[in-house]
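The block underneath contains the structure these notes are about, expressed in structure tokens.
What follows is calculated from the coordinates using simple rules that are stated; it is not laboratory data. Just so it is clear, the structure is predicted and the values come from calculations on it, not from any experiment. Because the Cβ atoms are built from the backbone with ideal geometry, glycine has one as well, and the counts that use them run over all protein chains shown.
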Amino acid sequence: MTNDEKYRQLFIATFGVTGEALPGLAYQGVDAWDSVGHMELIAGLEEMFNIMMETDDIIRFNSFTIGYEILRKYDVRV
């Protein structure tokens with residue numbers, strides 16, 4: 001499985017959305033992406049890609065799309 005596939009699957013599993021919903025998905029765009037869901041997502045990403053995000057990046061991680069940019073900062077190729 002590629003890193004992009006892993007990234008997508010984590011969003012789908014964490015928030016219970018379909019793959020088609022991902023490109024426009026943003027924080028609080030679905031009920032599951034609340035503050036608790038956000039931290040579940042961040043913890044999953046950190047474990048999956050063996051990274052530790054800075055607080056500013058955790059706060060800025062407010063959409064599926066911006067996540068690509070943030071992960072690249074940590075040398076995750078997605």
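Here is how the numbers come out for the structure above:
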read-out	value
Filtered trypsin sites (Lys or Arg not before Pro), the chain: DSSP coil and at most 14 other beta carbons within 10 Å	Arg77
For Ser63, residues with placed amide H under 5 Å, excluding near neighbours	Tyr27
Value at 222 nm in deg cm²/dmol, rounded to 500, when DSSP H runs of n ≥ 4 in the chain each add -39,500 (n - 2.57)	-17000 deg cm²/dmol
Percentage relative contact order, the chain, counting C-alpha pairs under 8 Å, at least six apart	36 percent
Simple spin-label estimate for Arg60 and Ile42 in nanometres, 7 Å along Cα-Cβ	1.4 nm
Cleavage-rule hits (GluC sites (Glu not before Pro)) in the chain: DSSP loop, at most 14 neighbouring Cβ within 10 angstrom	Glu54
